[in-house]
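Values quoted throughout were computed directly from the atomic coordinates according to the rules given, and no laboratory measurement underlies them. Note that the coordinates shown come from a computational prediction; the quantities given were computed from them, not determined experimentally. Here the Cβ positions follow ideal geometry from the backbone for every residue, glycine too, while neighbour counts run over all protein chains shown.
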Amino acid sequence: MATTIGHVDEVTLGGAEVHADTRSFVRKYVFSTDHKIIGIQFLIMSLIFLLLGGVLAMVIRWQLGFPKQPMPLGGVLPETMAPGGVVLPEFYNSLVTMHGTFMVFFAIMPLLVGVFGNYLIPLKIGAPDMAFPRINMASFWIAVPAGFLMLAGFFVEGGHAAAGWTSYAPLSERSDLSGVSMGQILWCISLIVLGLSSILGSFNYITTIINMRAPGMWWFRLPLSIWSLFVTAILVLLAMPILSGAIIMLLFDQTIGTHFFGPAQGGQPLLWQHLFWFFGHPEVYILILPAMGMASDIIANGARKPVFGYTSMVLAILGIGVLGWGVWGHHMFMSGMNPTLGTSFMISTMLIAVPSAIKVFNWLGTMWMGNIRFHVPMLHAIAFVSMFTIGGLSGIFMAATPVDIYIHDTYFIVAHLHYVLFGGSLFAIFAAVTFWYPKMFGRMMSPFWGRVHFFLTFIFYNLVFFPMHNLGLHGHMRRIYDPTQYDFLKPVQPINELISISAFLLFATQLIFATNFIVSWFKGAKAPENPWEDNGLEWTVPSPPPHGNFVSVPHVYRAPYEYSSPFVTEDFLPQNRELPEGVPSAAPHS
Amino acid sequence: MSWLLPHGASTFVGEIDWLYYLILWITGIAFVLVEVLLVWFMIRYRARPGRKATYYHGNTRFEIIWTSVTAVVVVIIGVLSAGRWNRIKGRDMVPPNATPIVIHAKQFEWLVTYPGADGALGSADDFQVRSQLHLVVGQPVSVLLTSEDAIHSFFIPAFRIKQDAVPGMNIRVWFQPTEVGEYELGCAELCGLGHYRMRATVTVHSREDFDRWARDRAALSVNK
Amino acid sequence: MAHAGALHDEDVMLPPPGREPGAGVYNEKLGMWVFLGSEVMFFTALIGTYIILRVAHPTAWKAPGVVLAVPITAINTFLLICSSVTMVKAFASVQDGNLSGLRKWLIATVLIGSTFVGVQVYEYRHLIEKGFVPSEGLYGSTFYTMTGFHGFHVTIGVICLIFVTWRAFQGRYSAKDYRGVEVIGLYWHFVDLVWIILFTIVYLI
């Protein structure tokens, strides 16, 4: 609340922005209001949860690949989870629940929105910081206790939540059905707290993008990463409160005896599903849109070419943002809701395939006739396009309601969601982390180890998740502790083994990324201002940028992807570079 | 590792499998097209000294063409799906001669109530069996699906049927087996500790074999 | 939230200077409007649930007035509306530079707002004593959840109002900078509007 001499806490003004930062270590790096530091704080927190989510996946894969066998290092787990290192069924249900919960809420979402939303928005629009730096700080420091609450569930009696990350009622609200009580309650409280953090972040991002763009940064000159973060922030703003409301009702059913979702006194189990998925579908677009936006930035950079069809790309982002509200029922085709509703959701779901397809074609169009540099971010971004395509195409099977009868709640769905969330979002995150690492830390990550990590990840990733399509087509259900209980699944158990072994190798490969990340922070080659020869405003300031970002307000003269422009000799042309009188800033185009 | 569906044995197999293979062809072609173009562009347009990218912002006509093609394709798939969906799940599509059965899902078993010799439920000759579904080949069966506790899901892969069982709701699902044999039923919705072993056997009999089984069973089991 | 010790002469009641035109209002005002969008969605989840459950199972509800005390709540509603009027008067005062008017009307708003919360708490205790508790079927579940979270939002509003009043007494607002007053006013009117909807559908229908 009190201002500090020499430091402006809220910079809503133009004029001199960079100035000496004379604050203490704690004010600068712990309770920081600088969007760049907050972005890095989210990065560290999210990477830790990504690792944890991966560890949980390893235990799941151990049990699925080698059912009821003692797990290596399993002895460290308590008797309530894995006596003698053999995973218990109740622990297995918690594992699948917490893997999903950690990955969706504490890894992918904060990586895309908390890290890159925070880091990129002010820099790429030419602002000194967010509109509300102190609220930004609060957003991170509220997420931290949410994380601790979610971790705490492993240590309570009854174990952690075990009703799936989707927490369907009545299983999630009755401890007599699930065997879990405190764990489910902590799950609810943690997500309510995290929701507050997300909502605080979202209105900050929206206000900043609307009101603080540098002169010349017209709406249709915003990089696609910013367009996608803008629409994502709107989705977060409007969808998270629905989840909060639903979880509050679930929590009240669990604790004070209300009857929202329990049928005994007129409550409706399906109501939980409608509320959850009304949030949940926009949520999956929250999990992919920023990835798409950043991939666009990186592909244009790698191809040295303007994004193909920039305006359509913007319209596709907007289209996905709007249409995404009307498809939630496609998660509920088998739920018992009126079949006619199923038909209407099927139609809306088919339609939303179109804007995603547009984006894939336009990424291809960007690479076409380019002069492609295969730097590590570009490798990951290209992988993003190819893997997201598979994920998107597999979605068509489940959108077709009759086929969904067969594949719903099987491993076909698990394959689909991992192709879009890992093949899509996570590859884009690897691309983005590598790409913006020099700006964040002033050092380059090792390109050699970056390539090793990329190739091994790509290979093992596909070995893990592609066969899951086949498992699902065979009828292999989701969330089952021991597939060998079923005769019809015994023939495909070798596929489970293959997947598990590949998964262990995939996880081990991530240690390369982690090591590269940590070691480069201290020993990486010093990064120049613009190592990728990119056009974004963030590359016109030092690596890392000073507090306040820009010495003076940048002026923007052109669209974001003017690569290989005929008006200059270099193959890139930053948005704020002023050209001599009479030279066009960009080619006139639609 | 096959993209073929396993052998199916109900009247729905024709509808569902056909649609699946159609979508497999369409998405397969799209997949090959995108990935081949991607790899080709990576090779053809890789950076080499002295090269420059073409300064090109897009082509609205191409965009309109491929957007329209995509939209038409997905609409066609949608139309083909809608009729099939209605024939399978439509609430008024249950064949009038279907044998009525009640299946009450509970943690972690399936309680199946058969109508007995009079073919009507709710009468004195009904009998109940745990986790065994016995059917007559070629005879449609109309299941009233209920749940005791959590949400379960009634899934017989070989018949291509799935339906969630929701406590507080009475949901109808019907199907018609086409081949004599032994099949399996699994629960396809996480329902607690024993979800993974909520299994039932499904036996499709000839009419005579079923009648014999039903007679023997009715004599043994306790009436509701 | 006022920008104390301004280093520049710009009018802080305008959008950030030297930027592309955006919403045409200063950041804090835009921020509050955007934030209220999330609050609309939150209450939509709760109120939407109520509507769905009630339409499906109307017998779970009693007729208006049988359980709930409509007269006293109607008076409470009137009070809350009055507090929006006092809030408007506080806002008008500071716009005119009438700082004593600002302080007076802010205090009035705090007092009336606190009274509203107090009456709600009193009503809750009375209902619970009568046996009408949150676990009393769908009726109790929805009543307490909707009005409880509304009351929670009013309480947060009162706390913020106290904070703004204190700052007013510190002389932080003037005709040149009354952002904090305007922004809390927006929130307060929103909370009032939600109550009018709730009162209608919970108490009168």
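Looking at the range B:150-197, none of the GluC sites (Glu not before Pro) sits in a DSSP loop with at most 11 other Cβ atoms within 10 Å of its own Cβ. Of the trypsin sites (Lys or Arg not before Pro) found in the range B:78-174, the ones in coil according to DSSP and having at most 14 other Cβ atoms within 10 Å of their Cβ are B:Arg91.
The lysines within cross-link reach of C:Lys104, meaning a Cα-to-Cα straight distance under 30 Å and a gap of 8 or more places when in the same chain, are C:Lys29, C:Lys89, C:Lys176. Each of A:Glu283, C:Glu39 has some number of other Cβ atoms within 10 Å of its Cβ, and from fewest to most they run C:Glu39, A:Glu283. What you get for the protein assembly as shown, charging only the Cβ of Lys and Arg (+1) and of Asp and Glu (-1), is a dipole of about 1360 debye around the Cα centre. For each pair in A:Lys124/A:Lys305; A:Lys305/A:Lys359; A:Lys305/A:Lys526, compute the distance between the two Cα atoms and list the pairs where it is over 22 Å. The pairs that break the limit, which is 22 Å between Cα atoms, are A:Lys305/A:Lys526. Taking a straight Cα-Cα cut-off under 16 Å and skipping sequence neighbours fewer than 8 places away in the same chain, the lysines within cross-link reach of C:Lys130 are C:Lys62. Taking other residues whose beta carbon is less than 13 angstrom from the beta carbon of C:Phe143, and scoring Lys, Arg as +1 and Asp, Glu as -1, yields +1.
For the pair B:Ala98 and B:Ser2, the difference between a 0.36 nm per residue extended length and the Cα-Cα distance amounts to 31.1 nm. Measuring nothing but how far apart in sequence close Cα pairs (under 8 Å, 6+ apart) lie, relative to its length, chain A scores a relative contact order of 17 percent.
A simple spin-label model places pseudo-atoms 7 Å from Cα toward Cβ; at C:Phe169 and B:Thr201 they are separated by 8.2 nm. Rounded to 0.05, the FRET efficiency of the A:Val30 and C:Gln95 pair, given R0 = 30 Å and the Cβ-Cβ distance, is 0.15. The simple Förster model, with R0 at 25 Å and r as the Cβ-Cβ distance, assigns B:Trp25 and A:Leu463 a FRET efficiency of 0.50. Per-residue Cβ neighbour counts within 10 Å put C:Tyr124, C:Tyr144 in the sequence C:Tyr124, C:Tyr144, beginning with the fewest.
The length gained on full extension between C:Ile205 and C:Ser135, counted as 0.36 nm times the residue separation minus their Cα-Cα distance, comes to 23.1 nm. Pairs of Lys residues in chain B that lie 8 or more places apart, or on two chains, and have C-alpha atoms under 26 angstrom apart add up to 4.
Positive contributions from Lys and Arg (+1) and negative ones from Asp and Glu (-1), summed over other residues with Cβ under 14 Å from the Cβ of B:Val141, come out at +2. In this simple spin-label model, placing a label point 7 Å from the Cα along the Cα-to-Cβ direction at both A:Ile256 and C:Val55 gives a separation of 2.7 nm.
For C:Gly22, neighbours were defined as the other residues whose beta-carbon sits under 15 Å from its Cβ, and their charges (Lys and Arg +1, Asp and Glu -1) total +2. Extending 7 Å from the Cα toward the beta-carbon at both C:Val40 and C:Phe78 defines two label points whose distance is 3.1 nm.
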